[in-house]
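Everything on this sheet refers to the single structure shown next.
The values are calculated or read from the model by the stated rules, or taken from the named source; none is laboratory data. Since the structure is predicted, the reported quantities are computational estimates derived from the model, not experimental observations. FYI the Cβ positions are ideal-geometry reconstructions off the backbone, even for glycines, and counts take in every protein chain you see.
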Amino acid sequence: MSTATTSEATFARGIHPPEEKHLAEEMPIEILPIPAEVNIPLLQHLGAPCEPLVDKKQEVQLGEKIGEATGFISSPVHSSIDGKTKKATVTTLPNGRHVPMIPITAAAEQSLSGQALFDDFFGGEWPRDGLDTHTSEEISKAVLEAGVVGLGGAAFPSHVKMARNEETPIEYLLINGCECEPYLTADYRMMVEAADAIITGTLLAKHSTGAREARIGVENNKPKAIAALRKAAEGTGIIVQSLKTKYPQGAERQLSVAMVDREVPTLGLPLHVGVVVQNVGTIAAIARAVLRGKPLTHRVVTVTGAGIREPKNLLVPIGVSYRVLIEHCGGMTEDAARVVSGGPMMGFTVGNLDAPVTKGTSGVTVLTHEDVRSSAETACIRCGRCVDACPLNLVPTKIALAARVGNTEVMERYYLPACVECGCCAYTCPASIPLVQLVRIGKIQLSKK
Ligand code: SF4
Ligand code: SF4
């Protein structure tokens, strides 16, 4: 990606790690061949797990609901292939959660595959007229039924963000096209190849939330994505805003400040300042759910890193294993050292390559020994670099020390729960102190308290 500097709008602090997007950015979205088996976790989102709707040895169709949402903050799951279920079991996801899952063996004949599958997701017409004939309630219900959750990684059930709120009206709908995490290019390819679906989804979400204005924020290192979105948005009133390339530009709070100068309170939500944020992939899934009545069964995943032989962007069925994706990309290089779910800043190490891809899996990054070479931890030298880097204005060194000794009172006083685990502090720390791991330990201690 060439670095155009058409806009320098951004937030305070943060970092600019090597982007490493050149590995996969020019690889068009490819459709993964149907795998022999998928394993569909019943918890792929924030909130309550699903109740299973199927038994073992039951035939299921692509898109059939196999797990029902069990609360307001919950989301159903659907079969991502035509096939037959096996006995439910339990898996451990890369984020450490143990979740029940339903294995499905693929049928010999599939109703949708190859280019037809791609077209079903992103191709064809995406009408702009008549969107306001759908009520906000109808749109929210369609998004819930389709199991759409935030595809940027957080996996928050999207229907919750689609409702109108009379008490705290939405002023700005912000669509996140930053993809600031190094290496990952799945959102970038979607913006280039599926701009029409993104624009129609944005119009639907604007209508549903009652937002006064809709904007799409894209970092200025993605000029092709900005051009494709601006072309698709002509005549719609949607503003495609170019932002400075900086990490974590795509985090909700940082996006809100950079795009509309709204500061989200430390422990508050964007909603509290009249803002709602959706990711570009999520917004395309919303358009498909509402206008085509199709559930979220697949997502675009970047398989990349110097440790992978043929980096690609793939449209994959939810529940396919990391192993299948890596093998489809030519396997790992001899110096591959670590497989990460997501990117290197916020991702989780994949301990078991047979673990399933979920709705929140934005990428698979295979790092080499050179990439992960780290120095031994030494004592804090009180240099303050972690404080200068923290986009939330926290004091990471104090938080980490409190977590190390289990002092929950100090953790709360220094707003540990507000930490988004972006990793800026650890990235800058010359003493190699594992600040993010300590924050995660602190969060567990606080939750026990
Ligand atoms: S303390 Fe949390 S929010 Fe601040 S830089 Fe570190 S990981 Fe990011
Ligand atoms: S960056 Fe590391 S060494 Fe410097 S103050 Fe923060 S924790 Fe201490």
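Residues of region 145-160 that are at negative phi and in contact with a Pro (Cβ under 9 Å, 6 or more places away or on another chain): 145, 146, 148, 149, 150. Is at least one residue of region 368-388 more than 16 Å from ligand 2 (Cβ to nearest atom) and part of a loop (DSSP other than H, G, I, E, B)? Yes, region 368-388 has at least one match. Across region 318-374, the number of residues qualifying as of a type in the set (Val, Ile, Thr) and at positive phi comes to 0. You will find that of 85, 91, the residue that is free of Cβ contacts under 8 Å to residues at least 40 places away in the same chain and in contact with a Pro (Cβ under 9 Å, 6 or more places away or on another chain) is 85 and no other. Considering (1) more than 23 Å from residue 263 (Cβ to Cβ); (2) more than 23 Å from the chain's Cα centre (by Cα), the lone condition that residue 142 does not fulfil carries the number (2). In region 373-394, of all residues being near ligand 1 (Cβ under 8 Å from one of its atoms) and without any contact (Cβ under 8 Å) to a residue 60 or more places away in the chain, the one that is surrounded by the most Cβ atoms within 10 Å (Cβ to Cβ) corresponds to 386.
Within the bounds of region 215-233, is there any residue that is assigned to a loop (DSSP other than H, G, I, E, B), acidic (Asp, Glu) and in the same structural domain as residue 272 (by TED's automatic domain parsing)? The answer is no, given that none of the residues of region 215-233 is assigned to a loop (DSSP other than H, G, I, E, B), acidic (Asp, Glu) and in the same structural domain as residue 272 (by TED's automatic domain parsing).
Pairing residues of region 159-176 that are at pLDDT 90 or above and of a type in the set (Ser, Thr, Tyr) with residues that are part of a strand (DSSP E or B) and crowded, with 16+ Cβ neighbours inside 10 Å, at Cβ distances under 8 Å and at least 6 apart in sequence or on separate chains, gives 172/214; 172/215; 172/275; 172/276. For region 395-405, which positions are more than 9 Å from residue 438 (Cβ to Cβ), assigned to a helix (DSSP H, G or I) and near ligand 2 (Cβ under 10 Å from one of its atoms)? Selection gives 397, 398. The C-beta contact set for region 425-449 (first residue in contact (Cβ under 8 Å) with a residue 60 or more places away in the chain, second residue near ligand 1 (Cβ under 10 Å from one of its atoms) and of a type in the set (A, V, I, L, M, F, W, C), distance under 8 angstrom, 6+ apart or interchain) comprises 427/15; 427/345; 427/389; 428/15; 428/386; 428/389.
For region 406-440, the set of residues classified as surrounded by fewer than 15 Cβ atoms within 10 Å (Cβ to Cβ), within 15 Å of ligand 2 (Cβ to nearest atom) and assigned to a helix (DSSP H, G or I) consists of 437 only. Under the condition of being more than 11 Å from ligand 1 (Cβ to nearest atom) and acidic (Asp, Glu), which residue from region 395-425 is farthest from residue 440 (Cα to Cα)? Among residues in region 395-425 that are more than 11 Å from ligand 1 (Cβ to nearest atom) and acidic (Asp, Glu), the one farthest from residue 440 (Cα to Cα) is 409. Of the listed requirements (1) over 25 Å from residue 41 (Cβ atoms); (2) crowded, with 17+ Cβ neighbours inside 10 Å; (3) not polar (S, T, N, Q), residue 332 misses just one: (1).
There is at least one residue in region 185-207 that is closer than 20 Å to residue 260 by Cβ and of a type in the set (Ser, Thr, Tyr). Are any residues in region 40-71 of a type in the set (D, E, K, R), closer than 23 Å to residue 316 by Cβ, assigned to a loop (DSSP other than H, G, I, E, B) and in contact with a Lys or Arg (Cβ under 9 Å, 6 or more places away or on another chain), and if so, which ones? Answer for region 40-71, where residues must be of a type in the set (D, E, K, R), closer than 23 Å to residue 316 by Cβ, assigned to a loop (DSSP other than H, G, I, E, B) and in contact with a Lys or Arg (Cβ under 9 Å, 6 or more places away or on another chain): there is none. On the basis of being part of a helix (DSSP H, G or I) and either at pLDDT 95 or above or surrounded by fewer than 18 Cβ atoms within 10 Å (Cβ to Cβ) (or both), does residue 202 make the cut? The answer is yes for residue 202.
A quick yes/no check of all residues on (1) assigned by TED's automatic domain parsing to the domain that holds residue 156; (2) surrounded by fewer than 19 Cβ atoms within 10 Å (Cβ to Cβ); (3) in contact with a helix residue (DSSP H, G or I) (Cβ under 8 Å, 6 or more places away or on another chain):
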{"site": "71", "(1), (2), (3)": "no, yes, no"}
{"site": "94", "(1), (2), (3)": "no, no, no"}
{"site": "99", "(1), (2), (3)": "no, yes, no"}
{"site": "105", "(1), (2), (3)": "no, yes, no"}
{"site": "116", "(1), (2), (3)": "yes, yes, no"}
{"site": "128", "(1), (2), (3)": "yes, yes, yes"}
{"site": "134", "(1), (2), (3)": "yes, yes, yes"}
{"site": "142", "(1), (2), (3)": "yes, no, yes"}
